[in-house]
Amino acid sequence: YGYENSDNVIFAQIGVKTGLDKWLEYNKRVYVGQKIPFDLPVAQSEVTNPSGDQLATVDLAANSFGQGFVRVTPLEMSLIDNTVANNGTLMRPTLASKITDHNKNLIHSFGAQQLGLPISTQSATDVRQAMNSVIRCGGGFPIPDLRNSPWGIIGKTGTGQVDSTGRTPAEAWLITQAPYSLDNPGQLPALSIVAMKENAGEGAYAVGPMIAHMY
C-alpha cells in the first residue's frame with residue numbers, strides 16, 4: 001500500500017526524506033501507529049524504531065517489504081486487506097450489523113462507516129492482480145487448496161521474523177480475498193480472511209489449507 005499512481009511515489013525513492021515521510025503517511029492512512037476505531041480494545045500497530053530514532057535508510061527499505069521494525073496486529077492487516085478488496089476505500093471494522101430482541105424486533109443497527117480513501121482505485125486493482133499472481137505462481141502456488149479453489153482465492157503470504165538469531169520460528173501470515181478473476185478484474189471480492197499463526201513458519205504452508213477450507 002505504499003504505491004500511489006497519482007503521486008508517482010515508488011519505493012525507489014525511499015532513500016530521501018520525502019520518501020520516508022510519504023511512506024509513514026500511507027501507514028497513517030490505514031491507522032498504523034494510531035488507535036483503530038473498534039468495539040473492543042486492540043493493540044496499536046507500529047512501524048517505527050522502538051528506540052524513538054528516525055528510521056535509517058536500510059531500516060526503511062526493510063520495513064517496506066515487511067521486515068525491520070514492523071509490529072502489526074491481524075486486525076490491522078484486515079484493514080489493509082479490506083481496503084484493497086474495497087477498491088481503496090477503508091471502512092470501520094465492526095463486530096455486529098444489528099441488535100434485536102427475542103422477537104427479532106430491531107433495537108439498534110450499525111451502519112457502514114467510511115474511514116477514508118488511503119489508496120486509489122487503480123492501486124487497489126493492481127494489488128489484487130499481484131495477489132492473484134502470489135497464489136497462481138508465487139508463494140501460495142505450492143498449496144493446491146488455495147491454487148485450485150473454485151472460489152478464486154487471491155492472497156499475500158507472510159513469514160515474519162521474530163528475532164535476529166533465526167532460532168525462533170517465524171510468525172506465519174496469509175491475507176486473502178475471494179472471489180477474483182483475471183477475466184473480470186473490476187469485480188470486487190465479497191469476502192476477505194486474514195490468518196496469523198504464531199511461530200509456525202511459512203504462511204502459505206502453515207495457514208493456507210485452513211483458509212482455503214474456510215472459503
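The values are calculated or read from the model by the stated rules, or taken from the named source; none is laboratory data. These numbers were taken from a predicted model, which means no experiment stands behind them. Counting neighbours? That spans all protein chains shown, and the Cβs are built from the backbone with ideal geometry, glycine included. Calculation scope for accessible area: heavy atoms of the full protein, side chains included, ligands and nucleic acids excluded. Shrake-Rupley method; radii C 1.70, N 1.55, O 1.52, S 1.80 Å.
Expected output is a single nm value to one decimal: the length gained when fully extending between Val42 and Ala96, i.e. 0.36 nm times separation in residues minus the C-alpha distance. What is it?
Gain in length upon complete extension: 17.8 nm.
Within the straight-line cut-off of under 17 Å between alpha carbons, the aspartates and glutamates reachable from Lys98 are Asp39, sequence neighbours fewer than 8 places apart in one chain being disregarded. For the stretch 48-128, applying the loop criterion from DSSP together with a ceiling of 10 other beta carbons within 10 Å to the chymotrypsin sites (Phe, Trp or Tyr not before Pro) yields Phe65. Converting phi to 3J(HN,Hα) with the Karplus coefficients 6.51, -1.76 and 1.60 and the offset θ = phi - 60°, the stretch 199-206 yields 6, 10, x, 6, x, 4, 6, 6 Hz in sequence order, with x at every glycine or proline. Surface composition of the chain: carbon plus sulfur atoms contribute 54% of the solvent-accessible area (1.4 Å probe, protein chains only, all chains present). Extension gain, His108 to Gln161, is 14.8 nm, computed as 0.36 nm per intervening residue step minus the present C-alpha separation. Ranked by the mean number of other Cβ atoms within 10 Å of their residues, highest first, the peptides 159-170, 115-126 come out as 115-126, 159-170. 3J(HN,Hα) along the stretch 147-154, derived from phi through the Karplus expression 6.51 cos²θ - 1.76 cosθ + 1.60 where θ = phi - 60°, amounts to 5, 9, 4, x, 8, x, 6, 10 Hz, with x in place of Gly and Pro. With helices as the sole contributors, the chain gives -9500 deg cm²/dmol at 222 nm; each DSSP H run of n ≥ 4 counts as -39500 (n - 2.57), and the sum is divided by every residue. Between Ser51 and Cys137, the C-beta separation translates, for a Förster distance of 35 Å, into a calculated FRET efficiency of about 0.35. Working note: Karplus 6.51/-1.76/1.60 with θ = phi - 60° gives the stretch 43-57 the couplings 4, 8, 7, 9, 10, 9, 6, x, 6, x, 6, 5, 4, 6, 4 Hz, where Gly and Pro are set to x.
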